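What follows is a single structure, written as structure tokens, with notes after it.
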Amino acid sequence: MISDRKLEHLIIKMTEDAFCNTDKAVWCNVFAPVEIFQAFGLKTFSIESIASFFSGLYCEDAFIDYAQSESISPTLCSYHKGFIGAVDSKVIPKPKFAVTTSFACDANLNTFRYLAQKQNLDYTLLDIPYESDEEAIKYVTMQLEDLIKELEIKCNKKMDLEYLKEIIRIENETKQYLKEFIELQKDRYYPGSMVTQLYLLMATHLYIGSKEIRDLLLFMKEDIKKYPKLNGKKIFWTHVIPFYQETLRNYFDVNEDYQIVGCDITLDYMEMLDPENPLESLSRKMVKNIFNGPYENKVKYIENLVKELDIDAVINFCHWGCKQASGGNMILKESMNKLNIPMLTLDGDAIDRRNSHDGQIKTRFEAFLELISEESKLC
């Protein structure tokens, strides 16, 4: 499909740019304020995206094993182990700077601290308060101001505030196109794949302020109007995407019977930003993110999306080493039960094939599909 090819080409090109231009690269996580990096002309290089590419190239195990051979804990998230192993084995070169946030993943702080010490690399940890009030937003805004001062020294130039405002405007346009696309997708069959969901997540987080991503979402929004009515099951996905998993690919890759209509990480913050107050807006985007604060905030957000998109079932993927996904699983399941929405919990690993057993996933997944099919017949 044209949109799939366009999306894949863009994400690979942007990742390659960061990989090949390390003097302009910033290591970050997917929740970092990438808009500020873009305003400096820097390239984003996230732990999650690079570890996923290694998995796609079937070499994630080598880097994970390398990290564990250095006494990195086997229980650490595989994304982080893979990235650490690639850096320590000198496959990933040293970047200009590194930035991460304190929320969503408790492994970020230790991973970035470890790598910064070994690489003699300057890095910033953005401390995002658990509370989501105005004081928290002011506190994060001050940190962004300090971050900009550091980057001005690193890049030897002042940040162009007007350019940052333009990036925010482009982000708003992109979000609007994404909203319209998702709304159309609940009624139309739009062929896609598991890896499409992964690329879309990267596009809406690492490159959200770019004109290329905006134009792609505009194309997708218009393109989906040409496709037929969706008669299959609409699935909402929560947490990370195990894009390589054989059984899941067989059912979700270009299949009219089952379509992933949304993912909580991709849609984690869909409010429009204020271009005239870019730093406050970016602070609000992090503080109010559904992955910050009580897990119940995320559950309420998913409840609303499930209703709006008329979802038939939810799949929660509990990624190896991630405490949040498994810890909040029962809270999410109870919530979906109240809405009479079937939910399947799958245990596995989003990048390390050795921690995902296809036979077990196949048995549980196919039994779940039979369940939601039977429920449809009863209705």
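The values are calculated or read from the model by the stated rules, or taken from the named source; none is laboratory data. All figures in this text were calculated on a predicted structure; none of them were measured in a lab. All Cβ positions, glycine included, derive from the backbone under ideal geometry; neighbour counts span all protein chains shown. Note: areas computed on protein heavy atoms with side chains; ligands, DNA, RNA excluded. Shrake-Rupley method; radii C 1.70, N 1.55, O 1.52, S 1.80 Å.
Table for the structure above
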{"read-out": "Within region 234-243, considering residues that are within 19 Å of the chain's Cα centre (by Cα) and farther than 19 Å from Lys298 by Cα, the one surrounded by the fewest Cβ atoms within 10 Å (Cβ to Cβ)", "value": "Phe243"}
{"read-out": "Residue in region 94-110 that is assigned to a helix (DSSP H, G or I), in contact (Cβ under 8 Å) with a residue 60 or more places away in the chain and closer than 27 Å to Met286 by Cα present", "value": "yes"}
{"read-out": "Those residues of region 124-149 which are in contact with an Asp or Glu (Cβ under 7 Å, 6 or more places away or on another chain) and open to solvent by 70 Å² or more (accessible area, probe 1.4 Å), in sequence order", "value": "none"}
{"read-out": "Given (1) within 26 Å of Asp160 (Cα to Cα); (2) open to solvent by less than 10 Å² (accessible area, probe 1.4 Å), number of the condition Arg214 does not satisfy", "value": "(2)"}
{"read-out": "Residue match in region 287-296 (condition: assigned to a helix (DSSP H, G or I), crowded, with 20+ Cβ neighbours inside 10 Å and either in contact (Cβ under 8 Å) with a residue 60 or more places away in the chain or not acidic (Asp, Glu) (or both))", "value": "yes"}
{"read-out": "Only listed residue being of a type in the set (Asp, Glu), open to solvent by 30 Å² or more (accessible area, probe 1.4 Å) and without any contact (Cβ under 8 Å) to a residue 12 or more places away in the chain, chosen from Glu222, Glu256, Glu246, Glu271", "value": "Glu222"}
{"read-out": "Helices (runs of 4 or more DSSP H) within region 1-89 that include 3 or more residues open to solvent by 60 Å² or more (accessible area, probe 1.4 Å)", "value": "2-20, 60-69"}
{"read-out": "Verdict on Gln324 being within 18 Å of Cys105 (Cβ to Cβ) and in a helix (DSSP H, G or I)", "value": "yes"}
{"read-out": "Condition met for Val299 (in a helix (DSSP H, G or I), farther than 27 Å from Tyr244 by Cβ and either at pLDDT 90 or above or among the hydroxyl-bearing types (Ser, Thr, Tyr) (or both))", "value": "yes"}
{"read-out": "Leu201, sole failed condition from (1) under 30 Å from Met142 (Cβ atoms); (2) open to solvent by less than 10 Å² (accessible area, probe 1.4 Å); (3) within 14 Å of the chain's Cα centre (by Cα)", "value": "(2)"}
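Yes/no per residue for (1) touching a helix residue (DSSP H, G or I) at 6+ places or on another chain (Cβ under 9 Å); (2) open to solvent by less than 30 Å² (accessible area, probe 1.4 Å); (3) free of Cβ contacts under 8 Å to residues at least 12 places away in the same chain; (4) among the acidic types (Asp, Glu):
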site	(1), (2), (3), (4)
Glu303	yes, no, no, yes
Val306	yes, yes, no, no
Ile341	yes, yes, no, no
Glu370	no, no, yes, yes
